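Please read the structure below before turning to the comments.
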Amino acid sequence: MKFTIQDTFTTQLPADQETANTRRQVYEAAYSFVTPRVPSNPAFVHVAEEVAAFLGLSKEATKTDDFLKLVSGSMVYPNTTPYAMAYAGHQFGNWAGQLGDGRAINLFEVIHNNQRFTLQLKGAGATPYSRSADGFAVLRSSIREHLCSEAMCYLGVPTTRSLSLVTTGDKVLRDVLYNGNAAYEDGAVVCRVAPTFIRFGNFQLFAARKDIKNLKALADYTIQYFYPQITISGKEKYLQFYKEVVNRTVEMVLHWQRVGFVHGVMNTDNMSILGLTIDYGPYGWLEDYDPDWTPNTTDAEGRRYRFRNQPDIALWNLVQLGNALYPLIEDIASMEQVLNSYSQQFDSQFPIIQQQKLGLQAEYDAHFQDELTTLLTASETDMTIFYRNLANVLKTDTSEEALAKIILAFYQPDKIVTTLKTSWLNWMELYLEKIKAEVGSDEERKEAMNKVNPKYVLRNYMAQLAIEAAEKQDYSVIDEFYTLLKNPYDEQPQYEKWFAKRPDWARHKVGCSMLSCSS
């Protein structure tokens, strides 16, 4: 097992001068050196061979004892210095001050095929930023992160990746529902991979402390290595950087809305400076089309991070990033133009995505789309199944025949027949008129729709099944889902059983509907 190491974050940005691993406020530093805790009995659960390959690792290398030691925290790779990043952030809209990598430890940076990747362990022990926490992670949340990171990649959503998942052999005390019923669970470590794990909050920390020197150093570093297309200098350089982050963020959120993904914890410290989906906690998909649904129990009352609100929250977070970058730009008018471009991009791109999901080429019909949203919500509709099966509608169908093709998407089909049938038939009549006016054939429309509407997503109940099996040392369900989710747009008839609505037993089961941030 050999990597081409080229660490830049630790060589170009200031380190915490205190080396003791004690909880504290860290000043004038971008990170603190910290060594992962050695687990008692690490063991493989799953390795993503595709991720290993783009790091330059062979399949054989990922089966070695050295690899297990590395990704479990048992061994520090020669001539590297693991560290935890310092950052701040707004959590649920409130300023939280210093946060930092409380349970994430960055190992080193790898160069392979002229691409840079940082390897990071999540759950490998406490850091100076852990506050009152232990820095560990449990198996259930680690399975969810490992599988979803990879599933999102294959859905075409910008995301961090997950190289491996291992158990530690240690028990971790967690209160799953934050209701005073803590219990011991199996510990685990995920090895996450991304070009960088820098977040909005890294910039917010320096700005809040008026540490302009290090704010500038961090911005210069980020631009040099991750936005090399920015070649201008002066304040325009940082304005262009801000614009690029805005562009990447709007692209990410558009993809979330396209596939029905709800992040659940869109705090500014969970926003990647590269526009990647990061920090998979209480996430979920719209299994019943409720635009006001949030998967996060902590957010149950305010629903700040509900599905329909994600585009606006991303903009709010970008405003906070703008506030942090302001000392480097000092041009409110230009920064407002950049922020305005977010809404302009979203408002122009979102209707196009909606049309693509419906298989329509004609001009966007806002009233028609609003009617659909109303019906999907009133009908308790599985979003994934609805759009996928809508592709089977033919121009020659009657509205009754068309409705029959999507009836499986409804959780209460009898309700549709008795109370909403007329509304659905009217909508279907309009939809049939629209597809009849299209030039393309039924088959061409279906093919196009199936490229943007996935057939398979990682539903929470599926993740829960993988968790329950893994807790019995059965990792075959994880293997099956990993294989399935690598091709989410393909039919894969051997996995047809996973193209199904959430079962009744999972409607209110812990882990299958809403989840807490406990991990």
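The values are calculated or read from the model by the stated rules, or taken from the named source; none is laboratory data. Everything quoted here is computed from the prediction, not taken from an experiment. With ideal geometry, Cβ positions are generated from the backbone for all residues, glycine too; neighbour counts draw on all protein chains shown. Each accessible area value is taken on the protein alone, full model and side chains, heavy atoms only, with ligands, DNA and RNA left out. Shrake-Rupley method; radii C 1.70, N 1.55, O 1.52, S 1.80 Å.
Descriptive notes on the structure:
- Of the helices (runs of 4 or more DSSP H) lying entirely inside the stretch 425-518, those carrying at least 1 residues that are touching a strand residue (DSSP E or B) at 6+ places or on another chain (Cβ under 8 Å) are 460-470, 476-485.
- Residues located in the stretch 420-445, provided they are touching a residue at least 60 places away in the same chain (Cβ under 8 Å) and either acidic (Asp, Glu) or buried (at least 19 other Cβ atoms within 10 Å of the Cβ) (or both): TYR431, ILE435, GLU438, ARG445
- Annotation note: of TYR87, TYR184, the sole residue that is aromatic (Phe, Trp, Tyr), open to solvent by 10 Å² or more (accessible area, probe 1.4 Å) and farther than 19 Å from ASP279 by Cα is TYR184.
- When ASN113, ASN181 are screened for being over 29 Å from ASN323 (Cα atoms) and modelled with pLDDT of 95 or more, only ASN113 passes.
- The listed residues are GLN354, GLN320, GLN345, and the only one of them that is in contact with a helix residue (DSSP H, G or I) (Cβ under 6 Å, 6 or more places away or on another chain), surrounded by 16 or more Cβ atoms within 10 Å (Cβ to Cβ) and without any contact (Cβ under 8 Å) to a residue 24 or more places away in the chain turns out to be GLN354.
- Count of the stretch 220-248 residues which are over 22 Å from PRO158 (Cβ atoms), open to solvent by less than 60 Å² (accessible area, probe 1.4 Å) and of a type outside the set (Ser, Thr, Tyr): 4
- When residues of the stretch 159-181 are limited to those that are of a type in the set (A, V, I, L, M, F, W, C) and closer than 30 Å to TYR225 by Cα, the one surrounded by the fewest Cβ atoms within 10 Å (Cβ to Cβ): LEU165
- Selection within the stretch 378-414: residues that are assigned to a loop (DSSP other than H, G, I, E, B) and of a type in the set (S, T, N, Q). The member of this set that is least open to solvent (accessible area, probe 1.4 Å) is SER379.
- Out of LEU375, LEU360, sole residue that is under 30 Å from the mean Cα position of the chain (by Cα), part of a loop (DSSP other than H, G, I, E, B) and modelled with pLDDT of 95 or more: LEU360
- Within the stretch 136-160, being in a helix (DSSP H, G or I), in contact with a Ser or Thr (Cβ under 9 Å, 6 or more places away or on another chain) and farther than 19 Å from ASN487 by Cβ holds for LEU139, ARG140, SER141, SER142, ARG144, GLU145.
- In summary, GLU150 fulfils each of the numbered conditions (1) under 26 Å from GLN6 (Cα atoms); (2) of a type in the set (Asp, Glu); (3) free of Cβ contacts under 8 Å to residues at least 40 places away in the same chain with the single exception of condition (3).
- Some residue of the stretch 8-28 being touching a Leu at 6+ places or on another chain (Cβ under 9 Å), under 22 Å from GLY135 (Cβ atoms) and open to solvent by 40 Å² or more (accessible area, probe 1.4 Å): no
- Residue count for the stretch 481-513 satisfying the condition of being open to solvent by less than 50 Å² (accessible area, probe 1.4 Å) and within 23 Å of the chain's Cα centre (by Cα): 14.
- Subset tally (residues that are without any contact (Cβ under 8 Å) to a residue 12 or more places away in the chain and of a type in the set (Asp, Glu)) for the stretch 55-89: 2
- Taking the stretch 282-308 as the range and being open to solvent by less than 30 Å² (accessible area, probe 1.4 Å) and closer than 27 Å to ALA207 by Cα as the test, only TYR305 passes.
- Within the stretch 363-372, tally of residues that are within 27 Å of THR249 (Cβ to Cβ) and part of a helix (DSSP H, G or I): 4
- Note on the stretch 34-84: residues that are open to solvent by 70 Å² or more (accessible area, probe 1.4 Å) and not in a loop (DSSP other than H, G, I, E, B) amount to 5.
- The stretch 131-142, residues that are open to solvent by less than 10 Å² (accessible area, probe 1.4 Å) and among the polar types (S, T, N, Q): SER142
- Scope the stretch 323-342; condition in a helix (DSSP H, G or I) and open to solvent by 50 Å² or more (accessible area, probe 1.4 Å); matching residues: ASN323, TYR326, ILE332, ALA333, GLU336, GLN337, ASN340
- Among residues of the stretch 143-158 being open to solvent by 10 Å² or more (accessible area, probe 1.4 Å) and more than 9 Å from the chain's Cα centre (by Cα), the one that is nearest to VAL71 (Cα to Cα) is ARG144.
- Matching residues in the stretch 108-129 - criterion: being open to solvent by 10 Å² or more (accessible area, probe 1.4 Å) and either of a type in the set (A, V, I, L, M) or part of a loop (DSSP other than H, G, I, E, B) (or both): ILE111, ASN113, ASN114, ALA126
- Breaking point among (1) touching an Asp or Glu at 6+ places or on another chain (Cβ under 6 Å); (2) within 30 Å of ARG144 (Cα to Cα); (3) modelled with pLDDT of 95 or more, for SER399: (2)
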